[in-house]
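Asker: Before anything else, here's the structure in question.
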Amino acid sequence: MQRWRVLDALAGLLAFAVAAAFAELIAAVVTVVSPIVAVGDGVIRLAPAAAVHFATSTFGTYDKPVLLSVIVVITLVFGALVGMAARTRPMIATIGFTAWWAVCSIAVWADQTMVVAAGAVIGGAALAGCFALNQMLAARLPTERILVEPASQPTSANDPRQRTPSRRAFFTWAAASAGASAVAAAGAQRLGGRYVDVEAERRAIVLPAAQSPLRAVPPGAALDTPGLSPLITPNSEFYRIDTALSVPRVDLEKWRLRITGMVERPLELTYAELATMPIAEADVTLTCVSNEVGGKLLGNARWLGVPLPALLERAGVHAGATQIVGRSVDGFTAGFPTEVALDGRAAMVALAMNGQVLPTEHGFPARLVVPGLYGYVSATKWLTEIHLTTLEAFDAYWIPRGWSKLGPIKTQSRIDVPTRGRTIPAGRTPIAGVAWGGIRSISKVEVRVTATSTKDAPWMMARLGDPLSHSTWRQWVLEWDAQPGEYDITVCATDGDGETQTQDSAAPAPSGATGWHTIRIKVADR
Ligand SMILES: Nc1nc2c(c(=O)[nH]1)N[C@H]1C(S)=C(S)[C@@H](COP(=O)(O)O)O[C@H]1N2
Ligand SMILES: [Mo]
C-alpha cells in the first residue's frame with residue numbers, strides 16, 4: 001500500500017514538473033516573464049517588509065535564487081499531494097492544475113499586464129502536465145477496473161481501453177515526463193536570458209538628486225474639493241497612450257541614449273552616464289492631442305531628469321538643425337522644433353515621475369517631456385535616440401497619419417464635479433475642475449450655470465489654486481447655491497497671455513479639440 005502512494009506522489013510531482021518546465025520554456029520563447037520569477041515578484045510584493053529584510057540579510061545576494069528554489073520545491077510538493085489525492089478522485093488533478101494555472105497567470109499578469117498571453121502560455125503547460133498525470137494514473141489503475149470495460153469491440157492497438165495498465169506503462173510515462181521536463185527546463189534556461197525583469201531593474205536604481213530640488217507642493221496650490229482631480233496625478237492613475245502592444249522591456253545593460261544627426265559630437269550615453277549629468281525637476285502637465293473636450297487623457301506629474309538643453313549643448317547642435325526627433329526602442333518617433341527645446345521651458349529627458357523611477361508603462365528607462373506640447377509630437381517613451389534634423393526632412397509617426405506637424409497644447413478646462421448627468425441635493429455645492437494652457441498657465445476660470453428653462457445666465461469667477469508652474473494645470477472651484485431644477489454648467493478658461501478659450505467646437509484631429517466643456521445636471525427637490 002505504502003509503495004503505491006509513493007508512486008502516486010511521484011506521478012504528481014513529475015506532472016507538475018512537466019507543467020512548470022513547459023510554462024518556463026514557452027514563456028522564454030514568447031519572451032513573457034518567467035512564471036516562477038513572476039510568482040517570486042508577487043511574494044516580494046506581498047511579503048511584509050520585515051520578511052524581505054530578513055531574507056536579504058540572511059541570504060545576501062542569494063536571496064532571489066533561494067526564493068525561486070523554494071517556489072519550485074513548493075510546486076513539486078504540491079504536485080505530489082495532488083498526485084496522491086487524484087488517484088481516488090480524478091477531479092483533483094484538474095482542480096490542482098487549475099489552481100496552479102491561476103496563481104501563475106495572476107503573477108505574470110501582475111508583472112506584465114499581458115493577460116491573454118500569460119493565461120494561454122501557462123494554460124498550455126497546465127494541460128500538458130494534466131495529461132501526463134492522467135497517463136501515469138491510468139497506467140496504475142487496478143486491473144479489475146479496466147477489465148469491466150467492454151472488450152468486445154474490434155480492438156486497435158491505440159485504443160486506451162485496450163491498454164493494459166502496467167508498471168511498465170507507468171514507468172515509461174514517468175521517465176518520459178522526467179525527460180521532457182528536464183529538456184524543457186534546460187531550453188528555458190538557455191532562452192531565458194531574452195526576458196528582461198524590468199521591475200528588478202527599476203528596484204535596483206538609486207535616483208540622482210536634482211541640483212535645485214523643487215519645494216514641496218505649496219498648500220495654496222491644491223484644492224481639496226471631493227471628486228476634484230488631485231493636483232499631482234498619482235502614477236497609478238496617470239493616463240497611458242501609446243502604440244505598444246506589449247510594454248517594451250528595456251535591458252538597462254544594453255540600453256544607450258544616442259544623440260545623432262546634425263550635431264558636432266554624436267553622443268552615446270549609458271543610464272549611469274545620463275544620471276551623472278546635471279539633474280532638474282519640473283512640474284509639467286502632459287496632455288494627449290486625442291483628448292476630447294471634458295476628456296481624461298491628461299495628467300500632471302513632477303518629473304526629474306536631464307535638461308534637454310544640457311544634452312544638446314554637449315552634442316553641439318548644427319545651426320540648421322530645426323527639428324528634434326525622439327525615437328523609441330519600439331520605433332515610435334515624435335518630433336518638434338529645436339527652438340522649442342531651447343526657449344527656456346523645462347524640456348527634459350525624464351528618468352523619474354513623482355519621485356519614482358519612471359514606470360515601465362510611462363517609458364522606463366527614459367522619456368522626453370516637453371512642456372506645452374501634446375505627447376504625440378514630444379513625449380517619446382522608452383527613448384533611445386534623439387536625432388537632430390530639419391522640419392522638412394522628417395515627419396514623425398503621427399504626421400503622415402493626418403495629425404498636424406506642430407502640436408502646441410490648446411487652452412482647455414474641464415468640470416470634474418458635479419458628475420455629468422447626476423442628480424445632486426439642493427444647497428451649497430462646489431463646482432470644480434481643472435484648467436490648463438500649455439506653457440501659458442491659466443489666469444482666469446469662469447463658470448456659467450444656466451437653468452434649462454431659461455436662456456441666459458451670468459458668468460461667475462471661479463477661485464483658482466495657486467499655480468504650480470506655468471506648464472501645469474490649475475484647479476478651480478466655485479461654490480454654488482443649488483436650487484431644484486435642471487442646469488447646464490459650462491466652464492471657460494483664460495490663459496496667462498489673456499487669451500480666452502474659443503467656444504468653437506473642434507474634434508481632436510488634427511490639432512487638438514476646442515470648445516467649452518458643458519455638463520447637464522439636476523438638482524433634486526428639497
Ligand atoms: N514610444 C512611444 N512614446 C509615446 C507614444 C507612443 O505611442 N510610443 N505616445 C505618445 C503620446 S500620443 C502621448 S499622449 C504620451 C502619453 O504618455 P503617457 O502614456 O505616459 O501618459 O506618450 C507619447 N509617447
Ligand atoms: Mo497622445
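The values are calculated or read from the model by the stated rules, or taken from the named source; none is laboratory data. Computed from a predicted structure; not experimentally measured. All Cβ positions, even for glycine, are placed from backbone atoms using ideal geometry, and neighbour counts span all protein chains on display.
Asker: Please enumerate the residues belonging to the range 296-325 that are touching a residue at least 60 places away in the same chain (Cβ under 8 Å) and closer than 25 Å to Pro234 by Cα.
Answerer: Within the range 296-325, Leu298, Gly299, Asn300, Ala301, Arg302, Trp303, Leu304, Gly305, Leu308 qualify.
Asker: Shifting gears a bit: Among the residues that make up the range 314-323, is at least one of them in a loop (DSSP other than H, G, I, E, B) and within 16 Å of ligand 2 (Cβ to nearest atom)?
Answerer: Looking for residues that are in a loop (DSSP other than H, G, I, E, B) and within 16 Å of ligand 2 (Cβ to nearest atom), one finds none in the range 314-323, hence no.
Asker: From the list Val340, Val349, which residue is away from ligand 2 (no atom under 16 Å from the Cβ), outside any helix (DSSP H, G or I) and modelled with pLDDT of 95 or more?
Answerer: Just one listed residue meets the conditions, Val349.
Asker: Right, something else. Restricting to the range 399-419, count the residues that are over 16 Å from Pro337 (Cβ atoms) and within 15 Å of ligand 2 (Cβ to nearest atom).
Answerer: Number satisfying all stated conditions: 4.
Asker: If you scan the range 284-327, which residues turn out to be farther than 15 Å from Gly363 by Cβ, small (Gly, Ala, Ser) and within 16 Å of ligand 1 (Cβ to nearest atom)?
Answerer: Within the range 284-327, Ser290, Gly295 qualify.
Asker: Phe336 - would you say it is in contact with a strand residue (DSSP E or B) (Cβ under 6 Å, 6 or more places away or on another chain) and either closer than 17 Å to His387 by Cβ or in contact (Cβ under 8 Å) with a residue 40 or more places away in the chain (or both)?
Answerer: So Phe336 fits the description; yes.
Asker: Just wondering, is there one or more residues in the range 383-392 that are surrounded by fewer than 23 Cβ atoms within 10 Å (Cβ to Cβ), out of contact with any strand residue (DSSP E or B) (no Cβ under 7 Å at 6 or more places or on another chain), over 18 Å from Ile279 (Cα atoms) and at pLDDT 95 or above?
Answerer: yes
Asker: Further, regarding this structure: Considering every residue within the range 328-337, establish whether at least one is surrounded by fewer than 20 Cβ atoms within 10 Å (Cβ to Cβ), in the same structural domain as Glu273 (by TED's automatic domain parsing), at pLDDT 95 or above and away from ligand 1 (no atom under 13 Å from the Cβ).
Answerer: yes
Asker: If you scan the range 324-337, which residues turn out to be on the phi > 0 side of the Ramachandran plot and within 16 Å of ligand 2 (Cβ to nearest atom)?
Answerer: None; the set is empty.
Asker: What's the number of the only condition in (1) within 30 Å of Ile415 (Cα to Cα); (2) outside any loop (DSSP other than H, G, I, E, B); (3) hydrophobic (A, V, I, L, M, F, W, C) that Ala200 fails to meet?
Answerer: Looking at each condition in turn, Ala200 falls short on (1).
Asker: Can you tell me which residue among Val317, Val250 is within 18 Å of Ile205 (Cα to Cα) and out of contact with any Lys or Arg (no Cβ under 9 Å at 6 or more places or on another chain)?
Answerer: None of the others qualify; the one that does is Val250.
Asker: Moving to a separate point now. Filter the range 379-408 down to the residues that are of a type outside the set (A, V, I, L, M), over 16 Å from Asn291 (Cα atoms) and within 13 Å of ligand 1 (Cβ to nearest atom) and list them by number.
Answerer: Thr380, Lys381, Trp382, Thr384, Glu385, Tyr397, Arg401
Asker: Still on this structure, please answer the following. Would you say Pro371 is surrounded by 16 or more Cβ atoms within 10 Å (Cβ to Cβ), more than 16 Å from ligand 2 (Cβ to nearest atom), assigned by TED's automatic domain parsing to the domain that holds Arg327 and closer than 30 Å to Gly335 by Cβ?
Answerer: Criteria not met by Pro371.
Asker: Among the residues of the range 409-428, is there at least one that is modelled with pLDDT of 95 or more, more than 22 Å from Gln475 (Cβ to Cβ) and within 16 Å of ligand 1 (Cβ to nearest atom)?
Answerer: no
Asker: Test Leu308 against the stated conditions and say whether it is of a type in the set (A, V, I, L, M), surrounded by 22 or more Cβ atoms within 10 Å (Cβ to Cβ), more than 14 Å from Ala352 (Cα to Cα) and touching a Ser or Thr at 6+ places or on another chain (Cβ under 7 Å).
Answerer: When the stated conditions are applied, Leu308 does not pass them.
Asker: Quick test of your reading of the structure: Pro365 fulfils all but one of (1) more than 16 Å from ligand 2 (Cβ to nearest atom); (2) surrounded by fewer than 19 Cβ atoms within 10 Å (Cβ to Cβ). Name the failing condition by number.
Answerer: For Pro365, the failing item is (2).
Asker: One residue is enough: does the range 496-510 have a residue meeting the conditions farther than 14 Å from Glu446 by Cβ, out of contact with any strand residue (DSSP E or B) (no Cβ under 7 Å at 6 or more places or on another chain) and crowded, with 18+ Cβ neighbours inside 10 Å?
Answerer: Within the range 496-510 (the criterion being farther than 14 Å from Glu446 by Cβ, out of contact with any strand residue (DSSP E or B) (no Cβ under 7 Å at 6 or more places or on another chain) and crowded, with 18+ Cβ neighbours inside 10 Å), the answer is yes, since at least one residue qualifies.
Asker: Among the residues in the range 232-250, are any away from ligand 1 (no atom under 16 Å from the Cβ) and touching a residue at least 12 places away in the same chain (Cβ under 8 Å)?
Answerer: No, the range 232-250 contains no residue that is away from ligand 1 (no atom under 16 Å from the Cβ) and touching a residue at least 12 places away in the same chain (Cβ under 8 Å).
Asker: Moving on. Are any of the residues in the range 107-129 aromatic (Phe, Trp, Tyr), under 30 Å from Glu361 (Cβ atoms), modelled with pLDDT of 50 or more and in a helix (DSSP H, G or I)?
Answerer: yes
Asker: Which residue, of Val32, Val82, is in a helix (DSSP H, G or I) and either surrounded by 23 or more Cβ atoms within 10 Å (Cβ to Cβ) or modelled with pLDDT of 75 or more (or both)?
Answerer: Answer to the check: Val82.
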